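Q: One structure is given below, represented as C-alpha cells, and several questions about it will come after.
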Amino acid sequence: MGIDPSMDTEAFVSALNEDLQTEFQSIIQYVNHTATLTGPEFMGVIDELKRHLGQELLHAQILAEQVSFLGGNPSTSVRPVVQADNSRGALVADLKLESDQLDRYRERVQQANDLGLADVAEALRPLLEQTQEHVRDLQTALGD
Ligand SMILES: [Fe+2]
Ligand SMILES: [Fe+2]
C-alpha cells in the first residue's frame, strides 16, 4: 500500500488491523520455526527468534489497543503463514515478513502524524525500532 494523502481515520484503522494480522502471522511463524529449525549454523538463532516471539506478542497488543482506541474492532484474523522447505527457507520467510512490517510501520507512523495522531505515532514507535532490530538479526543470521 502506498501513502495515500487522502487517507482518513477509517482507512488508517483498517491498515492497523492488517498490521495486526501480520503480527499474528509472525507469532505462528516464530513458534513453528523455533521448534523446527535444524542445523548447527542455526542453533544460535533460535534464542534470538524466541526473543522476537515475545516482542511480536507485545506488537499485537499495542496494535489491538490502538485500533480499539480509535473506535475499531481489533482483527482476530491471521495472515496466511508461509511454509518453508528447510531452515534457511524459514529464516528467509521470517526476514521477508519483518522487512514488509518495517515498511508498513514506517508508513503507519507517517500516516498517524499526518492525521494529527501524535499519541498513536508514539505508541507505534517500539514496533518501528524493534522491527528494524529483527530485520538486522535475520540479515546477520543469513549472512546477508
Ligand atoms: Fe512485530
Ligand atoms: Fe518482528
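Q: Go through the residues of segment 64-78 one by one and say whether even a single one is within 16 Å of ligand 2 (Cβ to nearest atom), part of a loop (DSSP other than H, G, I, E, B), over 17 Å from His134 (Cα atoms) and modelled with pLDDT of 95 or more.
A: Yes - at least one qualifying residue is present in segment 64-78.
Q: For segment 69-91, check the following and say yes or no: at least one residue is within 12 Å of ligand 1 (Cβ to nearest atom) and farther than 16 Å from Ala15 by Cα.
A: No: zero hits.
Q: Separate question: Looking at segment 20-56 only, could you name the residues that are over 15 Å from the mean Cα position of the chain (by Cα), closer than 18 Å to Val78 by Cβ and of a type in the set (Val, Ile, Thr)?
A: Thr34, the sole residue that qualifies.
Q: Quick check on Glu10: is it within 26 Å of Gln110 (Cα to Cα), surrounded by 12 or more Cβ atoms within 10 Å (Cβ to Cβ) and either without any contact (Cβ under 8 Å) to a residue 40 or more places away in the chain or not aliphatic (A, V, I, L, M) (or both)?
A: When the stated conditions are applied, Glu10 does not pass them.
Q: Something else now. Could you tell me whether segment 13-23 includes any residue that is small (Gly, Ala, Ser) and in a loop (DSSP other than H, G, I, E, B)?
A: The answer is no, given that none of the residues of segment 13-23 is small (Gly, Ala, Ser) and in a loop (DSSP other than H, G, I, E, B).
The values are calculated or read from the model by the stated rules, or taken from the named source; none is laboratory data. Because the structure is predicted, anything quoted here is derived from the model rather than measured. Please note: Cβ atoms are built from the backbone with ideal geometry, for glycine as well, and neighbour counts cover all protein chains shown.
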